[in-house]
1. Would you mind pulling out the separation of the Cα centroids of the stretch 93-164 and the stretch 1-61, in Å?
2. Among rounded, prolate and oblate, which fits the stretch 311-401 when a ≥ b ≥ c are the square roots of the eigenvalues of its C-alpha gyration tensor, a/c under 1.5 means rounded, and a/b larger than b/c means prolate?
3. Starting from one equal scatterer on each C-alpha and no solvent at all, send me the Debye-based log10 I(q)/I(0) for the stretch 152-229 at q = 0.16 Å⁻¹, two decimals.
4. Starting at the first residue of the stretch 345-356, write each ³J(HN,Hα) from the Karplus equation 6.51 cos²θ - 1.76 cosθ + 1.60 with θ = phi - 60°, in whole Hz, x for Gly and Pro.
5. Of the beta bridges DSSP finds with both residues in the chain, what % are antiparallel, to the nearest 5?
6. Lys and Arg at +1, Asp and Glu at -1: add these up for the other residues within a Cβ distance under 11 Å of L300 and post the number.
7. Using a 10 Å cut-off on Cβ atoms, rank the peptides 52-63, 343-354, 175-186 from the highest mean neighbour count down.
8. Only bridges with both residues in the stretch 288-439 count here: give the DSSP antiparallel percent, nearest 5.
Amino acid sequence: MRKQKPVRFFIRTFGCQMNESDSERVSGLLHRAGGIAADRPEDADLVIVNTCAVREKSEEKLFSYLGRLAYLKKRRSVRIAVVGCVAQLRGWEILEKYPAVDYVFGPDNAAELEALAQRDVALKSVSTSWSEEWHETSPELIRRESRASGYVTAMEGCDNFCAYCIVPYTRGREKYRPLASILDEVRDLARKGYLEVVLLGQNVNSYKDPDSGKPFAEMLKEVALVDGPGWIRFLTSHPKNFRPEIAEAMADIPKVCRELHLPLQSGSSAVLKKMKRGYSREDYLDIVSLLRRLMPGISLSTDIIVGFPGETDRDFEETLEVLRTVRFGSLFSFRYSPRPMTEASKLEDSVPKEVKQRRLAEVQFLQKEIQLEDHRRLVGKTMKVLGLGRGRKTPDLYSGRNENNQVVNFRSAEDPTGRFVEVRITGFGPYSLVGEKGG
Ligand code: SAM
Ligand code: SF4
């Protein structure tokens, strides 16, 4: 019998770190099944599009990408799989509207993708079933993008049902990974010389070991005992579940980076209530005070939604006040976008588009000013940076991140990728620092 040529596959990932991590797993599974990664869709027999459904705009980006793939398919034989959150949300609708697509797999069906590398799946199939079980992927299989910083998934799904958010409907209920498996993966990263571990979950601080019931703070302590990785980060934390023990564990463990992503969403308690976030502006500010008391110099980052139904000018002003008070190190801001099935989608999307746009611009302007001021103060300082590779926008410089998760682009005589180096800051922009590696 003639041996089949290996399948060349290309994965395009939209969305968050969770999706990036899922794509690294899928890439590993396809490799195990004999597939070979291609650098561009034009060189692939199989294109996998890993999707994000959080905002309408994310779906629009996907559909425009599918248009480009349909054009490619007219010129060469290529199979197209849509996977992840939009696959879960839209299912068969994708096959009906986008005839170029051959397969649709939800986030819980990634393991089935392996069969695609063996050309073993009937064309035009949809697989979006849920499982309450944790699906383990052996750590050796994962094909990581970075050789310095490794994602380790700790939990999946979300039980919070914030009024605006589609994630509980696309990713399902919370499932926690056994602590023993998390530690196995961290040890695997340590053996491979990784210097940073990033623990992932939509709501990572609600983690509970399914075997022992140990909570997130205990998990953090055990991860820190693994010899090797010098830095530990985790995301995303929910203020509602951010117990003081977590702040205390962070402060006690020097390996935990002095940095936390803590989405605020709005600075108005009235809006937070309508969003069903489960905390008030004061609760949030109390957490910030505790973190700063225990870890002076900790850098916080956040997510803000502007234009949630009923958000008044006064509510919005309260958000700006919190930004001025907390002075986040970085911030992701979004215009509210109604999503199917969510509670907020039943409310009138009352804030006009122009008002949302103006508020978004104001948030971004204020944040840019804050970052510029804070970055300016760092000029002349020397800091520890984890080298991550060549800068994407500055290929003549290397790029890395400091403990506060700030991007540092720097000059270095030798390649610092995968090493901690000391960098002296010589310049800055609003979103990154510039420096020189010390001798
Ligand atoms: N689990 C995390 C949390 O609770 O903050 C983040 C989940 S979500 C993938 C990332 C961010 O997208 C959210 O923090 C929120 O700011 C934004 N987001 C989610 N749904 C949105 C919507 N319908 N419109 C605009 N932004 C949205
Ligand atoms: Fe969405 Fe809220 Fe869950 Fe975050 S905590 S994923 S915003 S429902």
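Rule-based calculations on the coordinates, nothing more; no lab input. The shown structure was predicted, so the numbers you read here are calculated from the model rather than taken from an experiment. Because the Cβ atoms are built from the backbone with ideal geometry, glycine has one as well, and the counts that use them run over all protein chains shown.
1. 10
2. Values: a/c = 3.03, a/b = 1.87, b/c = 1.62.
It comes out prolate by the Cα gyration axes.
3. -0.60
4. 5, 7, 8, 5, 6, 7, 7, x, 3, 5, 5, 4
5. On the way: 22 of 66 bridges.
Counting DSSP beta bridges with both partners in the chain, the antiparallel share is about 35 percent.
6. Details: positive: R258, R292, R327; negative: E259.
Value of the local net charge: +2.
7. Working: 52-63: 17.8, 343-354: 13.2, 175-186: 19.3.
Final packing ranking: 175-186, 52-63, 343-354.
8. Values: 19 of 29 bridges.
For the stretch 288-439, the DSSP antiparallel bridge percentage is about 65.
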